[in-house]
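Beneath this line is the structure, given in structure tokens, with notes to follow.
The values are calculated or read from the model by the stated rules, or taken from the named source; none is laboratory data. All values derive from a computational prediction rather than experimental measurement. When we count neighbours, we look across all protein chains shown, and the Cβ atoms used for this are built from the backbone with ideal geometry, even at glycine. The accessibility values were calculated without ligands, DNA or RNA, using every heavy atom of the protein model including side chains. Shrake-Rupley method; radii C 1.70, N 1.55, O 1.52, S 1.80 Å.
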Amino acid sequence: MKARYAVPLVGLAGFFVYDNAFNYSTFTRNIKTVYTAAIVAIDYKINFNKEKSNQIAELHSRTATKIFELCKANGGLYIKFGQQLAGVPLPESYVQLFRQLYDKAPWSPYEVVEKIIQQELGKHPLEIFETFTPYPVASASIAQVHKATLKTGETVAVKIQKPEIKAQIYWDLMVYKLLMHGIEWIFDLPVAWSADYIRGHIMQETDFVNEAQNAEKAWEGVREEPLFRNTVYVPQVHWDLTTRRVMTAEWIEGTPLVNVEDLKVQGHNLHTVMTLVVKVFADQIFRTGFVHCDPHPGNILVRKHPKYHNTQVVLLDHGLYVQSREQFRQEYALFWKSLFTLDLAKLDSIAASWGLPDVAMFATATLARPWKRNQRLVGQKVNMTDAYEAHSRAKARMVEFLQASDKLPKELIFIGRNLNCIRANNKYLGSPVNRINIMADWAVKSLGTRKSNTLRGWVAAKLDYVTFQTTLAIASIGFSLSTWFAQVLRLIGFEHKGFEQVMDDAMKRQLEEQVPGIKFDDQLFE
């Protein structure tokens, strides 16, 4: 009888030994994920009810800790997932924990890097490069970057995919898809509609040949716009030293956008820098439709142009892009224009075609500032004192919002991430520009340049654009006066919040009014 159970147990033990020793714990970590997800789901099912509404904050804290520990232990894509959770409107207990995952990711030792380069490029690093730094200059969840010198003397950046990613990526994303369907089934939340789309783009992000192609396509878009000539740059790829797991590109000496004081010391005007950043991504969203979906401060360098010495923005990390459909690109530009001109009929029409029943909710998410038809900055307080009822209503609103998810353009998933990064970048630099005005201007510009077969149509389009520009100019004067007033207050010793901080505070207040009983972290929108 004992022998009957011994064989399966030995086999199971052997499987886990192999998985941990030779397969980067691929299956072990995903079994752990399913187990943790089940525990969290059961906890919410049992304890999230009206009778225990006074314990909801403790419930959130308990489950957040479980998910955080899972992400930290599993590493890889789980770190990336946890970082995303830190940037969405979740209770304070979640945001504070997951913000810790922004710390520098662990890196693979040089021996591992040597092996990957030999597998991918067929030679030892020092047979290909004159010099190669053994320690990475940057490390993230999927890859790390080393500085090297070619035999010609040119300095290059060599991006190396971490060895475990190749083994883990497929199963990690399959488990992610499974969990999305599980959440939808257990909690009746429509979240599975986006799983395949997100999964496909994350898979593309781990293919460095795809990233190199994205970089070249982004550079083509930059060169098409005269404004970006000499002011925006994309490092050039060395295709002979690029594979699916290794990418070699031109090394750029520049200052990361996050180093604000260094930018000032180097003579860069923060208004100029941020204007270029907002405009280049607005151009991608509204003109080319080929959009960088991860423009956080570490992926943007600032330098003096090597020849003309003007400020130049350099775009890095082109792994995650979305190519918008032409119809969506035009509708999205029109949506932005209509938000600015309060064309409610057009807003309702576009929202209906996208299956969105709540224009105000989507407009608020798009602008990253509270938006209502009556133009009040923050909505009226919701008369709910019971936290459970508040959460239930929030869930019902989300279900209603996504009830026609088959119509919702999936481009919005990643474009929303781009917009959030732009907002956070502007805030980090002290809100030197009105990003909403710049985005709206670019949206209307993309519509105003449409060709017409008739003189009447051409004149109408130009008049429409001039009318909008007048409105925009008035709004810009207001922003300039506000900025000037803030500078005066600072000079005389008074603290004054920037444009983005005011918007973030308003968003936080609105969230807490809509979901009473939950306190959101002060740095939720960082």
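For the range 303-337, chymotrypsin sites (Phe, Trp or Tyr not before Pro) meeting the loop criterion (DSSP other than H, G, I, E, B) and having at most 12 other Cβ atoms within 10 Å: Tyr308. Under the simplified labelling scheme, the Ile198-Leu342 pair shows an inter-label distance of 3.7 nm, with each label point 7 Å from Cα along Cα→Cβ. A cut-off of 5 Å between modelled amide H atoms, ignoring neighbours fewer than 5 places along the same chain, links Val156 with Ala148, Thr149, Leu150, Trp251.
Kindly identify the range 116-242 as rounded, prolate or oblate by the Cα gyration tensor criterion: order the square roots of the eigenvalues as a ≥ b ≥ c, call it rounded if a/c is under 1.5, otherwise compare a/b with b/c, prolate if a/b is larger, else oblate. Don't skip to the end; give the middle numbers.
On the way: a/c = 3.15, a/b = 1.53, b/c = 2.05.
It is oblate, given that a/c is not under 1.5 and a/b is not larger than b/c.
When +1 charges are put on Lys and Arg Cβ atoms and -1 charges on Asp and Glu Cβ atoms, the dipole computed for the range 286-363 relative to its Cα centre reaches about 520 debye.
Size descriptors for the range 38-90, from the alpha-carbon set: Rg then Dmax equal 12.6, 39 Å.
Amide H contacts for Tyr233 (H built 1.01 Å from N in the peptide plane; partners 5 or more residues away or on another chain; cut-off under 5 Å): Val313, Val314, Leu315.
Spin-label model, Leu150 to Trp185: label points 7 Å out along the Cα-to-beta-carbon direction sit 5.3 nm apart.
In this model, which of Lys80/Lys162; Lys45/Lys407; Lys45/Lys72; Lys32/Lys159; Lys346/Lys407 are farther than 19 Å apart at the alpha-carbon? Show your work: numbers first, answer last.
Working: Lys80/Lys162 14 Å; Lys45/Lys407 30 Å; Lys45/Lys72 25 Å; Lys32/Lys159 30 Å; Lys346/Lys407 17 Å.
Beyond 19 Å between Cα atoms: Lys45/Lys407; Lys45/Lys72; Lys32/Lys159.
Mean projection of the Cα convex hull over all viewing directions, computed for the range 267-315: 3.8 nm².
Can you tell me the FRET efficiency between Glu130 and Lys32 if r is taken as the Cβ-Cβ distance and R0 is 30 Å, rounded to the nearest 0.05?
Numbers: r = 44 Å, r/R0 = 1.46.
FRET efficiency, Glu130 to Lys32: 0.10.
Accessible surface calculations at 1.4 Å, restricted to protein heavy atoms, place the range 404-449 at 28 Å² per residue.
Cα gyration tensor of the range 140-191, axes a ≥ b ≥ c as square roots of the eigenvalues: rounded (a/c below 1.5), prolate (a/b > b/c) or oblate?
Working: a/c = 6.64, a/b = 3.78, b/c = 1.76.
Prolate.
Rounded to the nearest whole Hz, the Karplus-based 3J(HN,Hα) values (6.51 cos²θ - 1.76 cosθ + 1.60, θ = phi - 60°) of the range 187-200 follow the sequence 9, 6, 10, x, 10, 6, 4, 9, 4, 5, 5, 5, 4, x, with x at glycine and proline.
Electrostatic tally near Leu227: other residues with Cβ closer than 14 Å to its Cβ, Lys and Arg +1, Asp and Glu -1, net +1. Summarising the label geometry, the points placed 7 Å from Cα in the beta-carbon direction at Ala360 and Glu253 lie 5.5 nm from one another.
Rounded to two decimals, what ratio of Rg to Rh does the range 64-169 give with C-alpha atoms and a Kirkwood Rh?
Working: Rg = 16.9 Å, Rh = 15.3 Å.
Radius of gyration relative to Kirkwood radius: 1.10.
Using the 1.4 Å probe convention, the accessible area of the range 52-174 works out to 47 Å² per residue with neighbouring protein chains retained. Taken over the alpha carbons of the range 197-261 as equal point scatterers, the Debye sum produces base-10 log I(q)/I(0) values at 0.16 Å⁻¹ of -0.70.
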